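A.B. asks: This is the structure I want to talk about, given as structure tokens.
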Amino acid sequence: MNTKTEAVPSAKARKPWLSLFFATAGGAGYLPAVPGTWGSIVGVVFFWVTVRLWVGPAQVFVVRNYRTVIARSGPSTFYESAFVFLYPVAICILIALVGVLASARVALYAQKKDPQIVVIDEVSGIIITLLLGLGVMMRPPGTDFVGSGIAFYYRLLNWKYLLLGFILFRGFDVWKPFPARQAEALPGGWGIMADDWVAGIYAAIGLWIARGLGL
């Protein structure tokens, strides 16, 4: 979000250290000038590391070796392969839920609706942008739709698409097209997080258009 207010901690409240850690994205929210931009950068780096170093190699192995693995190990590998594909989605949902809880606690402690130091909403929003904008639905050979999940092409994980996703997300986060601004009225952490989710979806559509045009 960009309509953030300075945090003024309550003298009587106990400092929620764990919530502050998550809400500030490990301290990125304390960086000067534009904390939301720093939070978005943290989200891009986290996404790239997660997909490039773990999810990507794992899903390539599953796709290339699924028939052999299933013959040797039995039906349980079906669920293992589904987990590999759905892992990025699970991480995205987890960050969103942690963001709702952590941001709500920090807002209560700071006695502000949306403290400036809270940037996990930007982290969550940019991850949605890249997850939906650079992911494709696919399934391992020999499975049905239940085994499908989000997969990523390595060629899409380049600096141009990551930068474009970042620019689109920040643009929509500032613009707040419908219903992003309306989402800010939601109570507690939901209001802090939801407008960035909307911005993330708009930015993901922009990435899909860019990919369709061959940019």
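The values are calculated or read from the model by the stated rules, or taken from the named source; none is laboratory data. Fair warning: this is a prediction, and the values are worked out from it, not measured in the lab. Every residue, glycine as well, gets a Cβ built from its backbone with ideal geometry; the counts of neighbours run over all protein chains shown.
A.B. asks: Among the residues of the stretch 157-184, which ones are crowded, with 17+ Cβ neighbours inside 10 Å and hydrophobic (A, V, I, L, M, F, W, C)?
C.D. replies: 162, 164, 166, 168, 169, 172, 180, 183
Here is a yes/no grid of residues against (1) of a type in the set (Phe, Trp, Tyr); (2) at pLDDT 65 or above; (3) part of a helix (DSSP H, G or I); (4) surrounded by fewer than 16 Cβ atoms within 10 Å (Cβ to Cβ):
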position: 37; (1), (2), (3), (4): no, yes, yes, no
position: 62; (1), (2), (3), (4): no, no, yes, no
position: 78; (1), (2), (3), (4): yes, no, yes, no
position: 94; (1), (2), (3), (4): no, yes, yes, yes
position: 99; (1), (2), (3), (4): no, yes, yes, no
position: 103; (1), (2), (3), (4): no, yes, yes, no
position: 118; (1), (2), (3), (4): no, yes, no, no
position: 123; (1), (2), (3), (4): no, yes, yes, no
position: 142; (1), (2), (3), (4): no, no, no, yes
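A.B. asks: Out of all the residues in the stretch 185-215, which are surrounded by 20 or more Cβ atoms within 10 Å (Cβ to Cβ) and outside any helix (DSSP H, G or I)?
C.D. replies: none
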